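The values are calculated or read from the model by the stated rules, or taken from the named source; none is laboratory data. Not measured: the values here are computed from a predicted model. Here the Cβ positions follow ideal geometry from the backbone for every residue, glycine too, while neighbour counts run over all protein chains shown. Ligands, DNA and RNA are stripped out before the accessible areas are found, and what is left, the full protein with its side chains, is counted by its heavy atoms. Shrake-Rupley method; radii C 1.70, N 1.55, O 1.52, S 1.80 Å.
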Amino acid sequence: MSLKDLAFVHLLTELTYYARENQSGTVLPRTLVYVEEKEVAVIPDIVFVKRARSRIIQKNRICGVPDLVVEIVSNPIHSDKLMGEKKDTYARCVYEYWVADPFEKTVRQYVLNEGTYQETEKSRLFPDLHVHLPDR
């Protein structure tokens, strides 16, 4: 199993468990996100939608703005894309954005503030969750 796959399974499990325990929303893996008014169509590694907004979850996609998007670095040379181009795309609409880097064993969390992401130590959507990426 690759480092990305290991991080993906770990984060998907942790977020799903937390969301179920707190009845806070739905966590979905690799789902098409389509935000028509922002002209955004992406397939992030993990998506979270608050329970109160679950109506945006359709059969095979999300039609609207998710509350959290998680991207996982698949190769160290691709981290610039996740921290640049994709981060800018998500900043147009997604409230919280995480970049998990299994090579560096880090999860960087960003919260949207006046159209710009600011790095934060604590997620506002998962405040009691302490995310650590597993070792091999």
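Please find, among G64, G25, the residue that is small (G, A, S), crowded, with 19+ Cβ neighbours inside 10 Å and at positive phi.
On the way: G64 fails: crowded, with 19+ Cβ neighbours inside 10 Å.
The unique qualifying residue is G25.
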Worksheet item: Out of segment 59-116, which residues are more than 17 Å from L12 (Cβ to Cβ), among the aromatic types (F, W, Y) and within 15 Å of the chain's Cα centre (by Cα)?
Response: Y90, Y95, Y110
Practice prompt. For segment 112-136, enumerate the residues that are assigned to a loop (DSSP other than H, G, I, E, B), over 22 Å from K4 (Cα atoms) and open to solvent by less than 30 Å² (accessible area, probe 1.4 Å).
Written response: L125
Fill in: Check on L125, modelled with pLDDT under 95 and under 12 Å from the mean Cα position of the chain (by Cα)
no
Discussion item. For K4, only one of the following conditions fails: (1) more than 12 Å from the chain's Cα centre (by Cα); (2) at pLDDT 95 or above. What is its number?
Written reply: (2)
Item to complete: Among residues belonging to segment 71-111 that are open to solvent by 40 Å² or more (accessible area, probe 1.4 Å) and in a strand (DSSP E or B), point out the one that is nearest to A52 (Cα to Cα).
Response: R108
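So which residues in segment 95-125 are within 11 Å of S79 (Cβ to Cβ) and among the polar types (S, T, N, Q), if there are any at all? Spell out the reasoning first.
Going residue by residue through segment 95-125, those that are within 11 Å of S79 (Cβ to Cβ) are 99-104, 106, 108.
Residue satisfying the conditions is T106 alone.
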Item to complete: Answer yes or no as to whether A41 is open to solvent by less than 20 Å² (accessible area, probe 1.4 Å) and either over 19 Å from F126 (Cα atoms) or in contact (Cβ under 8 Å) with a residue 12 or more places away in the chain (or both).
Response: no
